[in-house]
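Participant: Encoded as structure tokens, here's the structure I'll be asking about.
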Amino acid sequence: MSKTVLNWGLLSTARINRALIPALRASKRSHLLAVASRSADSADAYAREWRIPRAHHSYEALLVDPEIDIVYNPLPNHLHAEWTIKAVEAGKHVLCEKPLALSVDEVDAIAAAAHKHGRVVAEAFMYRHHPQTDKIREIVQSGTLGELKLLRGSFAFFLDREGDIRFDPAMGGGSIWDVGCYPISYMRTIVEAEPLEVFGWQAVGPTGIDVSFFGQLRFGDDIYGQFDSSFVTPFHSRMELVGSEATLIVPKPFKPGLDDEVFLVRDGKTEAIEVKGIDLYSGEVEDMADAVLLGKHPRISLQDSRANVATIKALLESANKGVAVRL
Ligand SMILES: NC(=O)c1ccc[n+]([C@@H]2O[C@H](COP(=O)([O-])OP(=O)(O)OC[C@H]3O[C@@H](n4cnc5c(N)ncnc54)[C@H](OP(=O)(O)O)[C@@H]3O)[C@@H](O)[C@H]2O)c1
């Protein structure tokens, strides 16, 4: 490919765009060219507010814009697979928000379309690109913790925004899809293997989604994972990695900043380890540029996304049936 700068289009005026836009603007290999909305007025107003050169009055119009190279898909979860596939069929590469899809079959359909049309599709788990995550993996792999035994993770925040897409079961709402997906992804990334068996409990809210989820994961080699996610407690996020010799505490695992500390606890003593970061959303933007311009594999493969979705589905099945589920 002879291009050096990729044109991006935002598929909707989603709130999360605000996090991606500064990263796109900071990237030398990216240009934010267009935004699309279901409503012409909101597309025009959004383009004005965010100084985006082009406003498309439908999602279809963005997909047929020949100058768009990469589509960012931040639609409600139930539309991730449908619009990612439509974008790929229109010849676009896609950075799609987490969760990539709501079933393994949907991930397989995305992978088939991406393969057929020779396009890159990657799930936007931004924390995976941050130096802190690399540092944590390096510490675990160095054997500093001894043998990894237990991983614990939490991601919760208080959600009371009426009409939020996260409350709607038909849109793939629920705390496990929205934030539980992070500690699940984190544990799988650190262990570098898939869970063999899971068990879950959920607290179901008035709209029928899990407002809280509590999960257990059994990996091979006697490694165990536990996590919780919730919409009914104040913001809380953390990872704890317990080894046979030491424990690593990560206070900001999913939204690390520019200058954070992680803590190594050994023999009752705590050592702070400083980790310099980058803008949280820059990594996924540069990863797409590497994949499209240089032909590199995206950091988050579709097989990886498939395994995360499979784990979430198994946990939901467990919570619904009240039994452990093998993967
Ligand atoms: N990685 C992260 O840090 C992060 C953070 C937050 C959210 N997310 C993910 O990003 C996605 C969007 O979350 P958000 O909080 O930004 O959502 P949001 O503000 O509710 O935006 C969703 C957008 O989808 C469009 N849309 C199309 N069909 C819709 C429908 N039937 N109902 C409602 N909206 C519809 C709307 O745009 P138009 O009206 O313009 O068409 C709407 O603005 C989710 O998948 C979420 O998991 C990721």
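The values are calculated or read from the model by the stated rules, or taken from the named source; none is laboratory data. Just so it is clear, the structure is predicted and the values come from calculations on it, not from any experiment. Cβ coordinates were reconstructed from backbone atoms using ideal geometry, including for glycine residues, and neighbour counts include every protein chain displayed. Only protein heavy atoms, including side chains, enter the accessible area calculation; ligands, DNA and RNA are left aside. Shrake-Rupley method; radii C 1.70, N 1.55, O 1.52, S 1.80 Å.
Participant: So A112 clears everything in (1) out of contact with any His (no Cβ under 8 Å at 6 or more places or on another chain); (2) under 21 Å from N7 (Cα atoms) except one condition, right? Which one?
Facilitator: (2)
Here is a yes/no grid of residues against (1) of a type in the set (D, E, K, R); (2) assigned by TED's automatic domain parsing to the domain that holds G174; (3) open to solvent by less than 30 Å² (accessible area, probe 1.4 Å):
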| site | (1), (2), (3) |
| --- | --- |
| V285 | no, no, yes |
| A289 | no, no, yes |
| V292 | no, no, yes |
| K296 | yes, no, no |
| Q303 | no, no, no |
| L315 | no, no, yes |
| N320 | no, no, no |
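Participant: For A170, only one of the following conditions fails: (1) surrounded by fewer than 20 Cβ atoms within 10 Å (Cβ to Cβ); (2) not in a helix (DSSP H, G or I). What is its number?
Facilitator: A170 satisfies all of (1) surrounded by fewer than 20 Cβ atoms within 10 Å (Cβ to Cβ); (2) not in a helix (DSSP H, G or I) except (2).
Participant: Would you tally the residues in segment 250-267 being open to solvent by less than 80 Å² (accessible area, probe 1.4 Å) and within 26 Å of A124 (Cβ to Cβ)?
Facilitator: Of the residues in that region, 8 qualify.
Participant: Further question: Can you name the residue in segment 1-19 that is farther than 22 Å from G91 by Cα and open to solvent by 70 Å² or more (accessible area, probe 1.4 Å) and is also farthest from the ligand (Cβ to nearest atom) among such residues?
Facilitator: R18
Participant: Tell me which of these L196 doesn't satisfy, since it passes every other one: (1) without any contact (Cβ under 8 Å) to a residue 60 or more places away in the chain; (2) surrounded by fewer than 18 Cβ atoms within 10 Å (Cβ to Cβ).
Facilitator: The one condition L196 does not meet is (1).
Participant: Looking at E274, is it touching a residue at least 60 places away in the same chain (Cβ under 8 Å) and either part of a loop (DSSP other than H, G, I, E, B) or over 22 Å from the mean Cα position of the chain (by Cα) (or both)?
Facilitator: Judged against the criteria, E274 is not a match.
Participant: Now, a different point. So which residues in segment 196-210 are in a loop (DSSP other than H, G, I, E, B) and farther than 29 Å from I165 by Cα?
Facilitator: L196
Participant: Given (1) in contact with a His (Cβ under 6 Å, 6 or more places away or on another chain); (2) outside any helix (DSSP H, G or I); (3) within 20 Å of A111 (Cα to Cα), where does E284 come up short, assuming only one miss?
Facilitator: Single failed check for E284: (2).
Participant: Please enumerate the residues belonging to segment 141-175 that are within 22 Å of the chain's Cα centre (by Cα) and among the aliphatic types (A, V, I, L, M).
Facilitator: L151, A156, L159, I165, A170, M171
Participant: Can you name the residue in segment 145-167 that is part of a helix (DSSP H, G or I) and not aromatic (F, W, Y) and is also farthest from the ligand (Cβ to nearest atom) among such residues?
Facilitator: R166
Participant: Identify the residue in segment 20-39 that is within 14 Å of the ligand (Cβ to nearest atom) and surrounded by fewer than 16 Cβ atoms within 10 Å (Cβ to Cβ) and, among all such residues, is farthest from L95 (Cα to Cα).
Facilitator: Step by step, filter segment 20-39, then rank; the result is S39.
Participant: Assess whether A109 counts as being surrounded by 17 or more Cβ atoms within 10 Å (Cβ to Cβ) and of a type in the set (A, V, I, L, M).
Facilitator: no
Participant: A further question on this structure: Considering only residues that are surrounded by 15 or more Cβ atoms within 10 Å (Cβ to Cβ) and either within 16 Å of the ligand (Cβ to nearest atom) or at pLDDT below 95 (or both), look in segment 215-249 and name the one that is nearest to E147 (Cα to Cα).
Facilitator: Looking at residues that are surrounded by 15 or more Cβ atoms within 10 Å (Cβ to Cβ) and either within 16 Å of the ligand (Cβ to nearest atom) or at pLDDT below 95 (or both), I get S237.
Participant: Do we find that Y59 is farther than 30 Å from V309 by Cα, at pLDDT 95 or above and within 9 Å of the ligand (Cβ to nearest atom) in this structure?
Facilitator: Criteria not met by Y59.
Participant: Look through segment 40-56, keep the residues that are acidic (D, E) and open to solvent by 60 Å² or more (accessible area, probe 1.4 Å), and return whichever of them is farthest from the ligand (Cβ to nearest atom).
Facilitator: Among those residues, the one meeting the criterion is E49.
Participant: Of the conditions (1) small (G, A, S); (2) under 22 Å from R128 (Cβ atoms); (3) buried (at least 18 other Cβ atoms within 10 Å of the Cβ), S212 satisfies every one except a single condition; which number is it?
Facilitator: Unmet for S212, out of (1) small (G, A, S); (2) under 22 Å from R128 (Cβ atoms); (3) buried (at least 18 other Cβ atoms within 10 Å of the Cβ): (2).
Participant: Hey, among the residues in segment 117-143 that are assigned to a loop (DSSP other than H, G, I, E, B) and open to solvent by 40 Å² or more (accessible area, probe 1.4 Å), which one's nearest to K92 (Cα to Cα)?
Facilitator: Looking at the filtered set, the residue picked out is R119.
Participant: In segment 80-112, which residues are among the β-branched types (V, I, T) and outside any helix (DSSP H, G or I)?
Facilitator: Within segment 80-112, V94 is the sole residue that qualifies.
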